[in-house]
Amino acid sequence: MRIIELEKDILLYQFKPDDKDGFLGLNIFVVINGNECTVVETGFKRHFIQVLKNLKEKDITISNVIQTHFHPDHIGGIPLVEKAKIYGSIFAQDTLKKYVERYNKYLPTNVVVDKTKLQFGRHKFEIEVNTGHSKDGLLITLNDKYIFVGDEIILDNKGNASIPYCSEKDPQAHINSINKIMSRIKINVTVLPTHGSPLVDKDHIINDLVKRLTYLHFINENRTASYDDFVKATNVRFLGRDWHILNQIDS
Ligand SMILES: [Zn+2]
């Protein structure tokens, strides 16, 4: 685990891929106000234990948790958090039921239906639905500067794009979510994916989003096409091509 200070009081706990064939890392974010913090994402349990240990050493307690969505690699720390408010989508339960047996331990206490705000000391969080990767997706903006995109943008820890994953097999929803992110991109905005390095360069961010849109439009119009069909038609490539079949509809 590496702790990266994005700026004073805004920390990224960055984990490397933890199996030898994997290429995706994982991020947990901690936003500090005095001796309290708001956490965005809680990883797998094994990641969150390390974050908790570090916070304890710093004498910082967790007041809020905000989840971009409720897939298993994002929620592992929720049962370890005591007394904090857990912000999550109204559709959290639907997603949890698909992946987790005793899902009651992971449910949000503060349900987001459309959008909400959280003022935390000097920090302003704006939370809104964004349902491309998953139907319970939330987009979180911090201080008009940082955008937590969850798995709407998946990268490796060097910033290379991994293939979009439409877990509801709905490419149109994912097109909409990428367009929403695109509309928020301006100079000095940092995109914070849950997997992969932060993106700070505006051109890099826009290129990444355009590449995703190219893919999503292609599969939206060609629901049975293979990954190779996509590369042939567009000359665009991604890491994680094995996930393509998860987006596809069987021919
Ligand atoms: Zn994930």
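What follows is calculated from the coordinates using simple rules that are stated; it is not laboratory data. The structure displayed is predicted, hence computed values, not measured ones. Note that we place each Cβ from the backbone using ideal geometry, even for glycine, and neighbour counts take in every protein chain shown.
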(request) Kindly list the number of the only condition in (1) within 15 Å of the ligand (Cβ to nearest atom); (2) of a type in the set (S, T, N, Q); (3) surrounded by fewer than 18 Cβ atoms within 10 Å (Cβ to Cβ) that fails for Gln50. (result) (1)
(message) Which residue is farthest from the ligand (Cβ to nearest atom), if the candidates are limited to the stretch 175-196 and must be in contact with a Gly (Cβ under 7 Å, 6 or more places away or on another chain) and free of Cβ contacts under 8 Å to residues at least 60 places away in the same chain?
(response) Asn176
(request) Output the residue which, of all residues in the stretch 65-85 that are within 21 Å of His195 (Cα to Cα) and not in a loop (DSSP other than H, G, I, E, B), is nearest to the chain's Cα centre (by Cα). (result) His74
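Listed here are the residues, each with its yes/no results for (1) farther than 23 Å from Thr68 by Cβ; (2) acidic (Asp, Glu).
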{"site": "Val200", "(1), (2)": "no, no"}
{"site": "His204", "(1), (2)": "no, no"}
{"site": "Asp208", "(1), (2)": "no, yes"}
{"site": "Arg212", "(1), (2)": "no, no"}
{"site": "Asp229", "(1), (2)": "yes, yes"}
{"site": "Ala233", "(1), (2)": "yes, no"}
{"site": "Arg237", "(1), (2)": "yes, no"}
(request) Scan (1) in a helix (DSSP H, G or I); (2) more than 16 Å from the ligand (Cβ to nearest atom); (3) crowded, with 17+ Cβ neighbours inside 10 Å for the single condition Cys37 breaks and write down its number. (result) (1)
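Which residues, taken from the stretch 5-15, are surrounded by 12 or more Cβ atoms within 10 Å (Cβ to Cβ) and either touching a residue at least 60 places away in the same chain (Cβ under 8 Å) or outside any strand (DSSP E or B) (or both)?
Answer for the stretch 5-15, where residues must be surrounded by 12 or more Cβ atoms within 10 Å (Cβ to Cβ) and either touching a residue at least 60 places away in the same chain (Cβ under 8 Å) or outside any strand (DSSP E or B) (or both): Leu6, Asp9, Ile10, Leu12, Gln14.
State which residue is farthest from the ligand (Cβ to nearest atom) when the search covers only the stretch 122-152 and only residues that are under 18 Å from Ile75 (Cα atoms) and surrounded by fewer than 21 Cβ atoms within 10 Å (Cβ to Cβ). Quick ask: steps written out before the conclusion?
Residues of the stretch 122-152 under 18 Å from Ile75 (Cα atoms): 127, 129-131, 133-140, 148-152.
If we keep only those that are surrounded by fewer than 21 Cβ atoms within 10 Å (Cβ to Cβ) as well, we get 129, 135.
Working: Val129: 18, Lys135: 15 Å.
By that ranking, first place goes to Val129.
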(request) Any residue in the stretch 200-214 that's hydroxyl-bearing (Ser, Thr, Tyr): show its pairings with residues that are part of a helix (DSSP H, G or I) and surrounded by 14 or more Cβ atoms within 10 Å (Cβ to Cβ) at Cβ separation under 9 Å, as long as the two are six or more apart or on different chains. (result) Thr214/Phe230
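Let's see how each residue does on (1) hydroxyl-bearing (Ser, Thr, Tyr); (2) within 16 Å of the ligand (Cβ to nearest atom):
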position	(1), (2)
Asn27	no, yes
Val31	no, no
Thr42	yes, yes
Lys45	no, yes
Leu55	no, no
Asp59	no, no
His69	no, yes
Ile75	no, yes
(message) Considering only residues that are surrounded by 12 or more Cβ atoms within 10 Å (Cβ to Cβ) and farther than 21 Å from Lys83 by Cα, which ones fall in the stretch 99-114?
(response) Tyr99, Val100
